[in-house]
Amino acid sequence: MTSAQLDKMRLELRRGVLVLAVLASLKQPHYGYSLRKQLQDGGIDIDEGTLYPLIRRLAEQELLTSEWQQGEGRERRYYQLSELGAQLLGQLTDEWQHLNGALGNLLGTASKEK
Amino acid sequence: MELVKRYIAAVQRELPEVKRDEIGRELTANIMDQLDALAEQQGALTEADIAALLKQMGHPRKVAQQYVPPQPFINASYMALYKNTLFMVLGILFVLHLVEVTTYWLSSANMGLIRYGFALFGGFIDEACFGFTSITLAYWLMSRQQPVANTGCGANWQPEKLPPAGPGWQHIKLQDIFTDLASYIFLLVVIWYPLYMSAEQLAQSALLLSSNVRLILQYSTPLIVLGIVHSLWQLRQRLWSRNMLATHVLLNATIAVIALYLASTSPLLQLNTERWLGVFNLQQIERSAMITLVIIALFPAWEALRDSLRLRNLK
């Protein structure tokens with residue numbers, strides 16, 4: 001497999017997971033840069049070109065609430081999980097755990113067959 | 001900070017007007033946060049540091065597209081329907097244009113075969129451009145509304161009503177149907193044009209068939225009408241059945257026989273010898289017409305042979 005193919009598949013694999021990671025991180029309010037730092041500290045590296053438009057899309061879908069606040073002499077837009085977002089996060093978390101368990105079994109079987 | 005302002009302005013130029021201010025404001029806040037974090041690590045920032053950070057964020061157009069992804073001109077859910085409409089309308093436009101140009105050619109003294117070809121294809125390109133643009137614009141407008149997710153693929157379909165699985169050729173292509181339809185209508189116009197032309201127009205006509213040939217062709221009219229009906233039937237069914245194939249074999253075999261019979265008759269044409277004086281002699285033109293008819297006969301003969309073989313294999 002070429003490096004380009006691997007990059008493409010890795011991107012596809014991460015795309016859905018990132019939504020879950022962002023929703024889970026926004027239980028507490030964050031502005032763009034602080035959210036990115038929190039995700040990085042948690043081991044999820046995401047570039048700003050992906051993260052910032054993703055937060056906006058989630059806010060447009062009313063999964064996040066947002067508010068402009070002044071801080072350190074500058075305005076920042078803070079995002080936080082909405083009620084709808086919290087419901088969806090719960091459902092997605094169940095789905096993720098189910099998938100993770102099923103995949104764990106499959107990948108475990110596959111690694112034994114190797 | 002001039003560089004940041006220029007960068008934000010460049011991104012905003014690529015965004016829809018209603019989103020420019022809000023995205024610009026948010027992007028500014030995000031960039032300033034990143035610059036603050038960088039300054040904490042490195043101390044005072046130079047223009048080169050800022051330029052490097054902006055370069056890392058990506059080209060303004062790319063950033064704008066990440067915020068507002070470009071929409072396809074025609075929504076993917078309409079694409080199959082769009083292509084089908086396009087082929088249908090272009091096919092009908094070609095047939096109508098063929099009738100118009102052929103009628104004009106037959107009644108005109110000045111239009112030779114080459115000018116006829118140019119008028120036919122050049123004129124069709126004009127009409128096709130108009131048709132293409134109109135259909136594309138109509139679908140673009142439809143795509144701007146909330147797209148229907150399953151156009152043409154509704155929930156009411158029944159697996160039992162799907163046609164039987166067959167060989168690839170069993171699906172009839174639209175271009176084949178319209179080619180046949182155009183050929184039959186062309187023949188009808190050529191055969192019956194003396195009926196709707198004045199004596200003056202007939203005298204000026206560039207192409208005059210001999211009375212013997214016209215009589216044979218007129219007797220063939222029911223066959224041509226059957227061909228048109230058969231093409232319309234194909235347009236409705238779009239899948240070869242045994243009955244349709246058998247009719248097609250019969251039609252093509254009869255057309256090939258008529259073309260060969262015509263090739264064996266003489267004279268084929270009723271020519272204005274003065275017009276061709278010094279260019280061709282009568283025998284040369286007659287011989288060319290005969291060879292052309294034999295070549296024309298080969299096409300339906302080939303289709304009749306091919307479809308006979310297909311008919312044997314089709315269950």
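Every read-out reported here was derived from the displayed coordinates using simple, explicitly stated rules and does not represent laboratory data. Worth saying up front: this structure is predicted, and the values here are computed from it rather than measured. All Cβ positions, even for glycine, are placed from backbone atoms using ideal geometry, and neighbour counts span all protein chains on display.
Quick look at the values:
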read-out: Loop trypsin sites (Lys or Arg not before Pro), the stretch A:1-68 (other Cβ atoms within 10 Å of the site Cβ: 10 or fewer; DSSP); value: none
read-out: Spacing of the two label points (7 Å from each Cα toward its C-beta) at A:Val19 and A:Ser34, in nm; value: 2.6
read-out: Mean separation of Cα contacts under 8 Å (6+ apart) over length of the stretch B:157-266, as relative contact order %; value: 41
read-out: Global geometry of the stretch B:2-67, whether rounded, prolate or oblate, following the gyration tensor of its Cα atoms and the 1.5 cut on a/c; value: prolate
read-out: Rounded tilt (10° steps) of B:113-144 against the dominant C-alpha axis of chain B; value: 40
read-out: Residues with amide H under 5 Å from that of A:Leu64, placed H, sequence gap 5 or more; value: A:Ala59, A:Ser82
read-out: Linear extension gain, B:Phe73 paired with B:Arg306, 0.36 nm per residue minus alpha-carbon span; value: 79.8 nm
read-out: Difference of contour (0.36 nm per residue) and Cα-Cα distance, B:Trp157 to B:Arg25; value: 42.6 nm
read-out: Unsatisfied cross-links (Cα-Cα over 20 Å) in the set A:Lys8/B:Lys62; B:Lys83/B:Lys173; A:Lys27/B:Lys19; B:Lys5/B:Lys62; A:Lys37/B:Lys19; B:Lys161/B:Lys315; value: A:Lys27/B:Lys19; A:Lys37/B:Lys19
read-out: Inter-probe distance in nm under a simple model that places probes 7 Å from Cα toward Cβ, at A:Glu95 and B:Ala199; value: 8.4
read-out: Amide N proximity, the stretch A:51-74 versus A:Ser3 label position 7 Å along Cα-to-Cβ, cut-off under 18 Å; value: none
read-out: Distance in nm between pseudo-label sites at B:Met88 and A:Glu62 (7 Å out along the Cβ direction from Cα); value: 3.8
read-out: Percentage relative contact order, the stretch B:2-67, counting C-alpha pairs under 8 Å, at least six apart; value: 51
read-out: Of the DSSP H helices in chain A, those whose Cα atoms cover at least 24 Å axially and whose Kyte score averages 0.5 or more; value: A:3-25
read-out: Percent breakdown of C-alpha pair distances by 5 Å bin, ordered from the shortest bin, for the stretch A:27-108; value: 3, 13, 17, 20, 21, 12, 7, 4, 2, 1, 0
read-out: Per-residue [θ]222 nm for the protein assembly as shown (sum of -39500 (n - 2.57) over DSSP H runs n ≥ 4, rounded to 500); value: -24000 deg cm²/dmol
read-out: Viscosity 0.890 mPa s, 25 °C: Kirkwood-radius Stokes-Einstein D of chain B over Cα pairs, µm²/s; value: 95
read-out: Calculated FRET efficiency for the pair B:Glu40/A:Asn105, C-beta based, R₀ 56 Å, to 0.05; value: 0.75
read-out: Within the stretch A:30-97, GluC sites (Glu not before Pro) in DSSP loop having at most 16 other beta-carbon neighbours inside 10 Å; value: A:Glu62, A:Glu72
read-out: Loop-exposed chymotrypsin sites (Phe, Trp or Tyr not before Pro) per DSSP, neighbour cap 16 Cβ within 10 angstrom, longest uninterrupted part of chain B; value: B:158-279
read-out: Extension reserve of the B:Met1-B:Cys129 stretch, reckoned as 0.36 nm per residue once the Cα distance is removed; value: 41.1 nm
read-out: Cut-off 13 Å (backbone N to label point 7 Å along Cα→Cβ of B:Asn313), residues of the stretch B:164-178; value: B:166-171
read-out: Relative contact order %, chain B, counting alpha carbon pairs below 8 Å whose residues are six or more apart; value: 17
read-out: Estimated FRET transfer efficiency (B:Arg287, B:Leu232; beta-carbon r; R0 35 Å; 0.05); value: 0.40
read-out: Kirkwood Rh, angstrom, the protein assembly as shown [1 / mean 1/r, Cα pairs]; value: 29.2
read-out: Degrees separating the helix B:282-313 axis from the principal Cα axis of chain B, which is the longest one; value: 60
